[in-house]
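The values are calculated or read from the model by the stated rules, or taken from the named source; none is laboratory data. Computed from a prediction, not measured in an experiment: that's the story for all the values here. A quick note on method: Cβ atoms are made from the backbone with ideal geometry, for glycine too, and the neighbour counts reach across all protein chains shown. Please note that ligands, DNA and RNA were not included when accessible areas were found on the heavy atoms of the full protein model with its side chains. Shrake-Rupley method; radii C 1.70, N 1.55, O 1.52, S 1.80 Å.
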Amino acid sequence: MAVRDRAKVDIFKVGDRVTWNSEAGRVSGRIVKVHRENVTYKGYVHHASKEYPQYEIKSDKTDHVALHKPGALKLLRR
């Protein structure tokens with residue numbers, strides 16, 4: 001884990017609004033779950049641990065759900 005990523009670990013909580021970059025540009029959504037163990041989603045294993053969780057986020061504009069590591073997210077508001 002990179003030093004810059006360590007500062008972001010576990011700073012996000014369920015219900016937080018976050019933003020991230022996607023192929024379509026900036027997307028925002030609300031965290032619906034924090035995964036602290038590996039999780040399979042859409043046929044892909046997302047590696048997660050207590051020290052480095054994956055965040056499940058539902059898009060504000062669509063029903064799309066994404067999983068991201070903390071380094072990919074920016075907090076919008078609580």
Can you give the local net charge around Lys58? Use residues other than it whose beta-carbon is closer than 11 angstrom to its beta-carbon, Lys and Arg +1, Asp and Glu -1.
+1
State in Å² the accessible area per residue of segment 9-78; use a 1.4 Å probe, count heavy atoms of protein chains only, and round to the nearest integer.
64 Å²
21 Å Cα cut-off, lysine pairs counted over segment 9-78 (separation 8 or more, or different chains):
21
Could you give me the ³J(HN,Hα) list for segment 45-50, computed from phi with Karplus coefficients 6.51, -1.76, 1.60 and θ = phi - 60°, whole Hz, x at Gly and Pro?
7, 9, 7, 9, 8, 4
